[in-house]
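All remarks here apply to the structure that follows.
The values are calculated or read from the model by the stated rules, or taken from the named source; none is laboratory data. Keep in mind it's a predicted model, so treat the numbers as computed, not measured. No Cβ is skipped: glycine too gets one built from the backbone with ideal geometry, and neighbour counts run over all protein chains shown.
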Amino acid sequence: MRFKAAVLQIAVIALMTLPGVASAATLKLVGLGDSLMAGYQLPADQSYTAQMEKALKAEGFDVTIENAAVSGDTTSGGLARADWSVPDGTDGVILELGANDALRGIAPEETEKNLDALIARFKERGMAVMLMGMVAPPNMGEEYAARFNPIYARLAGKYQVPLYPFFLDGVVQDERLKLSDGMHPTGEGVGIMVQRSLPALKDFLKLMEARKN
């Protein structure tokens, strides 16, 4: 009996060390966003999700981050595809949407309604949510900004989810960190965004780890 138990233990250990076999403790995240998260015109390994996964692993976290961002997506588009873009078994969602709403002048009240529905749906499915904030571009005017900019903090408070105030922090005012369109970050720019938001993501993962244990 002891021999059989030993053989079984060795077999389990061997299975867990096979390539492609993830630990049951691995935290599974999905990034639901637009081109800012998707890595517009960048190699796949330079996207926000890819660079953030690498940074978190370097910090000792057992985590995977799937990139479910779609260039051009609005909050309504994200809401329409949320159920199939974020599969069951996902532990947490990095939610980054709203920039295209502001660029298109969509009513901030509609943006808030869609983000509210997204957060509520993910929480109902047992998933943690990290909300990435956005601010309206200056050309939209002060009145629009006054209606749009408070959305993220208000929803974070309502649902008690962590908020990173501005996804493009450290990049938006530095043209050297943006592509020729003047809007999307370069790979280096994404790296700055990752380093700025890394502490917030580490805290987010620690909360999820505590919940799973």
Residue list for the range 51-71, restricted to those being of a type in the set (G, A, S), surrounded by 15 or more Cβ atoms within 10 Å (Cβ to Cβ) and out of contact with any Gly (no Cβ under 8 Å at 6 or more places or on another chain): A55, S71
Subset of the range 36-50 (residues that are buried (at least 22 other Cβ atoms within 10 Å of the Cβ) and either β-branched (V, I, T) or on the phi < 0 side of the Ramachandran plot (or both)): L36, M37, A38, S47, Y48, T49
Selected residue [closer than 21 Å to D181 by Cβ, of a type in the set (S, T, Y) and at pLDDT 95 or above] from S76, S71: S71
Positions within the range 134-150 being closer than 24 Å to I94 by Cβ and in contact (Cβ under 8 Å) with a residue 24 or more places away in the chain, in sequence order: M134, V135, A136, P137, F148
Selection within the range 120-157 - touching a strand residue (DSSP E or B) at 6+ places or on another chain (Cβ under 9 Å) and among the β-branched types (V, I, T): V129
Cβ-Cβ under 7 Å pairs, at least 6 apart or on other chains, the range 30-42 side touching a residue at least 60 places away in the same chain (Cβ under 8 Å) and β-branched (V, I, T), far side crowded, with 24+ Cβ neighbours inside 10 Å and in a strand (DSSP E or B): V30/V93
The range 50-83, residues that are touching a helix residue (DSSP H, G or I) at 6+ places or on another chain (Cβ under 7 Å), closer than 18 Å to N100 by Cβ and part of a helix (DSSP H, G or I): T75, S76, G78, L79, A82
Wholly within the range 127-213, helices (runs of 4 or more DSSP H) carrying at least 1 residues that are modelled with pLDDT under 95: 187-212
Meets criteria (aromatic (F, W, Y), within 15 Å of the chain's Cα centre (by Cα) and at pLDDT 95 or above) for F122: yes
Test for G92: is it within 27 Å of A25 (Cβ to Cβ) and crowded, with 19+ Cβ neighbours inside 10 Å: yes
Within the range 145-167, considering residues that are hydrophobic (A, V, I, L, M, F, W, C), closer than 14 Å to A200 by Cα and in contact with a helix residue (DSSP H, G or I) (Cβ under 8 Å, 6 or more places away or on another chain), the one surrounded by the fewest Cβ atoms within 10 Å (Cβ to Cβ): L163
